[in-house]
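*Asks:* Here it is: the structure, laid out below.
The values are calculated or read from the model by the stated rules, or taken from the named source; none is laboratory data. The shown structure was predicted, so the numbers you read here are calculated from the model rather than taken from an experiment. Using ideal geometry, Cβ is built from the backbone for each residue, glycine included, and neighbour counts are taken over all protein chains shown.
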Amino acid sequence: MAKYLLLKHYVGGPERRPQGTVPMDQWTPQEVTDHMAFMQHVADTLKERGEFVDAQALSPEGSFVRYDGEGRPPVTDGPFAETKDLIAGWMAIDVDSLERAHEVAAFLSSAPGPGGVPLEEWLEVRPFLTDVPQVDA
Amino acid sequence: MTDLGALFKDLGPRVLGVLVRRGADFASAEDAVQEALIEAHRRWGEDTPRDPFAWLVTTAWRKHLDVVRSESSRRRREVADHLEPDPGPVTGTDETLLLLFLACHPALSPSSAVALTLRAVGGLTTRQIASAYLVPESTMAQRISRAKRTLSRERLTEPGDLAVVLRVLYLIYNEGHSGEVDLADEAIRLTRQLLSSAPEPEVAGLLALMLLHHARRPARWSPDGALVSLDVQDRSRWDTGLINEGVEILQSALSLDRLGEFQVQAAIAALHADAPVAEQTDWPQILEWYDLLMELNPTPVVELNRAVAVGEVDGPRAGLAAVARVPDSVPRHTAVRAHLHERAGDLETAHSLYAVASRSAASAAERDHLTRQAARVHQRLHRA
C-alpha cells in the first residue's frame, strides 16, 4: 500500500539498450500501433488489479518560469533544444510492495519496439512521500 | 440523507453478517446487501420502516435468493440449503468476528484485506475508502471486487487467522486520516467490536496501543502543521480519558499472562503516557520491554527503537554502539544517529546526519521536521 511514480524519460538515465536507439518515427506504423496498444494493455491490467492511480504523457516542449518581484510579470525562459533530462510521461501506481512496483516497471519496459522486440527502456521508480504513521515510538 | 448514511454504515455490515451466517457466500451476500441498501435509499425517504434492520435483512435475503434461484434454474444444485437456512440468531457479536475472518483471509494481499474490511465490516462506501487512500474510486472498486473473487475461490478454515486480522486493523490505524474518513477512528471502532467478540489478550493489546497513541494525537502537530516529537510535546494536550482507558484495557490483558507484541508495544506507550514531563520517562523499564519485544519479534525496526532506549538509559555513546548493530537500511536509522550524536555533543556530525536523514525521510512531515532539526543544530554550531 504505497504509491510509486514510474517515470519515463525521453533523455537522461542509464544508457539505452541497442533496440531502443531507433527513433519511433522510423518504426513501421504497425510497430507504433502495437507499442501503443501494449501501453494501454498495461494500464488496463493495473486498473483491473486495483493498482492504477494515474497515467499522463507530457509534451516534450515547455518553458521555465519564475517569479520576478511584486507587480512584475513572470519571467520565462526556453524552450531548450538540448537538455540533460526530459520527462516523457508517468504512471502512478498504488501497490503492496517495492518489489511489485519494480515488477510493474519491468512490465512497462517490456513494451515492443521495432520487430516486436521488447524495448527494455529504463523507467525511473520513485516512491511518493507518505503520511506520517500514527504509531511513532 | 446523512442520517441514513450513518444508519447504513452501522446496519450494512450487520446485515451482511446475518446473510453470511445463514450460509450465503461472501461475494453474493455483499452484492445483495448493497442492492438492499440502494433500495432502502430510494424508499426510506418518505417511508422509513419501524425496524430498519429487519427490513434490510428481509430485503437483502430476498435479493440473495433471487440470484440463487436464477442461477439454480440453470444448474439445480444446493438450492435446498439456501432456501431453508438455519433460522439462527438474527444479531450477534460473533458476526463481526466471522466477517473479519473473511475480509482478512490470509489469501488476500494486505491492501485488498484493508479495503474489504473497511467496506464489509466498517460499512464505508467505496468512494470513502478510495478518498481515504487517495486512489481513483474505480481502482478501489476493482480492488474490492477482486478480493471478493479471490474469497469465492477460498474456503474459510474455522477459526480464521486472528493474527492476520490484527495486522490488518493495525495497518488501517497507522494510515491515519486523509479525506473525509478518519481511518484511525475506524480502526479503533473495529478493534473494539473485535474485542467484544474475541476477548483475547493480543486484541486488547492492540486496542490499548491504538488508544494510547490516539491520546497523543492532539499534541503531535503544531498549529502551523509541523510534526512535534514526543519529547517536546505539550503533554497537557494529551487525552487523559483515552490514556486511562488504554491503561486499564492493557492491565487486564497483561493479567492473563499471555504476552504478545501488541501488549508489549502498548506497555511502552503506557510508560510514555505515564510521564508528566519527558525527563521523568521511565526509560529503564521501557528498555526492559524492548528486550522482551526483541525476544517476541526481533525485527531491525524494533532493534533501532531499542537502541534509542539504550541511549536514554546508558548514554548516547552506548546508544550509538547499539545503533551500529542495526542494518542502516532501516528507516530512521540516520535520524536516530543524528539525535544521539547531538546528545553526545558532536554537533558537526549531528548536523550533517540530520541533513542526510531529511533526504531519505518516508513522509513529507518527517522530512520537514528533520530539515528543521538540521537547521537548528547548524544555528547552535555557529553561535558557539
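*Asks:* Here are A:Glu99, A:Glu31, A:Glu48, A:Glu15: which of them is more than 14 Å from the chain's Cα centre (by Cα) and buried (at least 17 other Cβ atoms within 10 Å of the Cβ)?
*Replies:* Being more than 14 Å from the chain's Cα centre (by Cα) and buried (at least 17 other Cβ atoms within 10 Å of the Cβ) holds for just one of A:Glu99, A:Glu31, A:Glu48, A:Glu15, which is A:Glu31.
Here's the yes/no breakdown for (1) more than 14 Å from chain B (Cβ to nearest Cβ); (2) touching a residue at least 24 places away in the same chain (Cβ under 8 Å); (3) more than 30 Å from B:Arg216 (Cβ to Cβ); (4) in contact with a Pro (Cβ under 7 Å, 6 or more places away or on another chain):
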| site | (1), (2), (3), (4) |
| --- | --- |
| A:Leu58 | yes, yes, yes, no |
| A:Gly78 | yes, no, yes, no |
| A:Met91 | no, yes, yes, no |
| A:Asp96 | no, yes, no, yes |
| A:Pro118 | yes, yes, yes, yes |
| A:Leu123 | yes, yes, yes, no |
| A:Pro133 | no, no, no, no |
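*Asks:* Of everything in the stretch B:316-368 that's among the hydroxyl-bearing types (Ser, Thr, Tyr) and surrounded by fewer than 19 Cβ atoms within 10 Å (Cβ to Cβ), which residue is nearest to B:Val301 (Cα to Cα)?
*Replies:* Step one: of the stretch B:316-368, the residues among the hydroxyl-bearing types (Ser, Thr, Tyr) are B:329, B:334, B:349, B:352, B:354, B:358, B:360, B:363.
Still in the running and surrounded by fewer than 19 Cβ atoms within 10 Å (Cβ to Cβ): B:329, B:349, B:352, B:360, B:363.
Values: B:Ser329: 10, B:Thr349: 23, B:Ser352: 23, B:Ser360: 16, B:Ser363: 17 Å.
Result: B:Ser329.
*Asks:* Test B:Trp221 against the stated conditions and say whether it is among the aromatic types (Phe, Trp, Tyr), more than 18 Å from B:Thr117 (Cα to Cα), modelled with pLDDT of 95 or more and surrounded by 14 or more Cβ atoms within 10 Å (Cβ to Cβ).
*Replies:* On the way: among the aromatic types (Phe, Trp, Tyr): yes; more than 18 Å from B:Thr117 (Cα to Cα): yes; modelled with pLDDT of 95 or more: no; surrounded by 14 or more Cβ atoms within 10 Å (Cβ to Cβ): yes.
When the stated conditions are applied, B:Trp221 does not pass them.
*Asks:* Still on this structure: Condition check: within 17 Å of the chain's Cα centre (by Cα) and in a loop (DSSP other than H, G, I, E, B). Does B:Leu166 satisfy that?
*Replies:* So B:Leu166 fails the test.
*Asks:* If you take the residues of the stretch B:107-124 that are assigned to a helix (DSSP H, G or I) and polar (S, T, N, Q), which of them is nearest to the other protein chains (Cβ to nearest Cβ)?
*Replies:* The first filter runs over the stretch B:107-124 and keeps only residues assigned to a helix (DSSP H, G or I), leaving B:110-121.
Imposing the further condition that a residue be polar (S, T, N, Q) reduces the set to B:111-112, B:117.
On the way: B:Ser111: 5, B:Ser112: 7, B:Thr117: 13 Å.
The extreme case among them is B:Ser111.
*Asks:* Using the structure shown, decide if B:Gly246 is in contact (Cβ under 8 Å) with a residue 12 or more places away in the chain, small (Gly, Ala, Ser), within 14 Å of another protein chain (Cβ to nearest Cβ) and over 26 Å from B:Leu340 (Cα atoms).
*Replies:* Criteria met by B:Gly246.
*Asks:* Just checking, how many residues over the stretch B:220-243 are in a helix (DSSP H, G or I), more than 20 Å from the chain's Cα centre (by Cα) and either under 17 Å from A:Val132 (Cα atoms) or of a type outside the set (Gly, Ala, Ser) (or both)?
*Replies:* The number of residues fulfilling the criteria is 6.
Results for (1) within 19 Å of B:Arg220 (Cβ to Cβ); (2) touching an Asp or Glu at 6+ places or on another chain (Cβ under 7 Å), shown as yes or no for each residue.
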| residue | (1), (2) |
| --- | --- |
| B:Ala318 | no, no |
| B:Pro331 | yes, no |
| B:Ser360 | no, no |
| B:Ser363 | yes, yes |
| B:Asp368 | yes, no |
| B:Gln373 | yes, no |
| B:His378 | no, no |
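Conditions tested, residue by residue: (1) out of contact with any His (no Cβ under 8 Å at 6 or more places or on another chain); (2) of a type outside the set (Ser, Thr, Tyr); (3) closer than 17 Å to B:Leu370 by Cα; (4) not in a helix (DSSP H, G or I).
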{"site": "B:Pro298", "(1), (2), (3), (4)": "yes, yes, no, yes"}
{"site": "B:Asn305", "(1), (2), (3), (4)": "yes, yes, no, no"}
{"site": "B:Pro327", "(1), (2), (3), (4)": "no, yes, no, yes"}
{"site": "B:Glu342", "(1), (2), (3), (4)": "yes, yes, yes, no"}
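*Asks:* If I filter the stretch B:125-144 down to residues being at the interface with chain A (Cβ under 8 Å from one of its Cβ atoms) and either touching a Cys at 6+ places or on another chain (Cβ under 8 Å) or not hydrophobic (A, V, I, L, M, F, W, C) (or both), which single residue comes out as surrounded by the fewest Cβ atoms within 10 Å (Cβ to Cβ)?
*Replies:* Within the stretch B:125-144, the match that is surrounded by the fewest Cβ atoms within 10 Å (Cβ to Cβ) is B:Ser138.
*Asks:* Kindly check whether there is at least one residue in the stretch B:42-61 that is surrounded by 13 or more Cβ atoms within 10 Å (Cβ to Cβ) and farther than 19 Å from B:Leu4 by Cβ.
*Replies:* Checked the stretch B:42-61: at least one residue is surrounded by 13 or more Cβ atoms within 10 Å (Cβ to Cβ) and farther than 19 Å from B:Leu4 by Cβ.
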